[in-house]
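Chemist: To start, I am sharing the structure in question, which I have written as structure tokens.
The values are calculated or read from the model by the stated rules, or taken from the named source; none is laboratory data. Because the structure is a prediction, the values reported are computed rather than measured. Heads up, the Cβs are rebuilt from the backbone with ideal geometry, glycines too, and the neighbour counts pull from every protein chain shown.
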Amino acid sequence: MEGLLKTLDQVADPSHSALIIIDPQHDFCSERGAMAQKFGFDMKEIKEAVPRLNAFIETCRKTGVPVIWVREIFTDDKMHPNQKALWGSGQDIWLIREDGKGIDWYDGMTKPKAGERVITKWQYDAFEDTDLHLLLQGRGIKTLLMTGFTTNVCVETTARHGYIKGYHIVLVSDCTGAPTRAEFESGVFNIQTYFGKVATSEELARTWKVSKAA
């Protein structure tokens, strides 16, 4: 029987890990996006996480870790009634609407390179009604390095589903963010207590460097 992966270097081995970048989009990151405008959120912590995420993307590319981008779109024909009750329906959809700027990658983000897969999701969960699981299985992925926005909603929801499907979960804590510190900390607490590990991008880069030198 294959040994269990327990330590960070075992769990986050580049040979079986994938970087999952959740929703680095205008509506979720920009002070001019729908979330900030609707709720009056201060996007400072999210904006501060973006350069760290950009740097970690480059680290993963150089290390050979597959980079998988996820974006969310709300469209009337794919939304459930409970979604519409929260986010509107038809022309009243105000968040990440399919015909609006809100779905674009945030201006400060590194953009996907040729060959990097982009998964479009219709819910908080990147596994629901997408081919993400098949993509990961086809690449022999065991571990998801979770990044993006927001920590306690789409990042955590996808991490939870990934855990249920059998993936090891590592939340890259400095490469994710939420509008408030309480939201961010709740997501970190839940993941590190119940679903996997939490590490910084620097810790992961250092682990990979040590493993490569060994």
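Chemist: Before we move on, is residue 53 closer than 30 Å to residue 140 by Cβ, modelled with pLDDT of 95 or more, out of contact with any Pro (no Cβ under 6 Å at 6 or more places or on another chain) and not in a helix (DSSP H, G or I)?
Modeler: When the stated conditions are applied, residue 53 does not pass them.
Chemist: When the stretch 54-81 is examined, which residues are found to be surrounded by 11 or more Cβ atoms within 10 Å (Cβ to Cβ), of a type outside the set (D, E, K, R) and closer than 23 Å to residue 100 by Cβ?
Modeler: 69, 70, 73, 74, 75, 79
Chemist: Give me the residue from the stretch 7-34 that is assigned to a loop (DSSP other than H, G, I, E, B) and under 22 Å from residue 209 (Cβ atoms) and, out of that set, nearest to the chain's Cα centre (by Cα).
Modeler: 12
Chemist: Scanning the stretch 89-104 for residues that are among the charged types (D, E, K, R) and not in a loop (DSSP other than H, G, I, E, B), which turns out surrounded by the fewest Cβ atoms within 10 Å (Cβ to Cβ)?
Modeler: Among those that are among the charged types (D, E, K, R) and not in a loop (DSSP other than H, G, I, E, B), it is 92.
Chemist: So in the stretch 163-211, with the set limited to residues that are in a helix (DSSP H, G or I) and of a type in the set (Gly, Ala, Ser), which one is surrounded by the most Cβ atoms within 10 Å (Cβ to Cβ)?
Modeler: Within the stretch 163-211, the match that is surrounded by the most Cβ atoms within 10 Å (Cβ to Cβ) is 187.
Conditions (1) among the aromatic types (Phe, Trp, Tyr); (2) under 22 Å from residue 199 (Cα atoms); (3) touching a Ser or Thr at 6+ places or on another chain (Cβ under 7 Å), marked per residue:
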residue: 28; (1), (2), (3): yes, no, yes
residue: 40; (1), (2), (3): no, no, no
residue: 51; (1), (2), (3): no, yes, no
residue: 71; (1), (2), (3): no, no, yes
residue: 74; (1), (2), (3): yes, no, no
residue: 80; (1), (2), (3): no, no, no
residue: 85; (1), (2), (3): no, no, no
residue: 90; (1), (2), (3): no, no, no
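Chemist: Among the numbered criteria (1) touching a helix residue (DSSP H, G or I) at 6+ places or on another chain (Cβ under 9 Å); (2) modelled with pLDDT of 95 or more, which single criterion is violated by residue 42?
Modeler: Answer for residue 42: the failing condition is (2).
Chemist: Pick from the stretch 105-152 the residues that are in a loop (DSSP other than H, G, I, E, B) and at positive phi: which of them is surrounded by the most Cβ atoms within 10 Å (Cβ to Cβ)?
Modeler: Looking at residues that are in a loop (DSSP other than H, G, I, E, B) and at positive phi, I get 129.
Chemist: Does residue 38 satisfy the criteria of being out of contact with any Asp or Glu (no Cβ under 7 Å at 6 or more places or on another chain) and within 17 Å of residue 154 (Cβ to Cβ)?
Modeler: Here the answer is yes, as residue 38 does meet what is asked.
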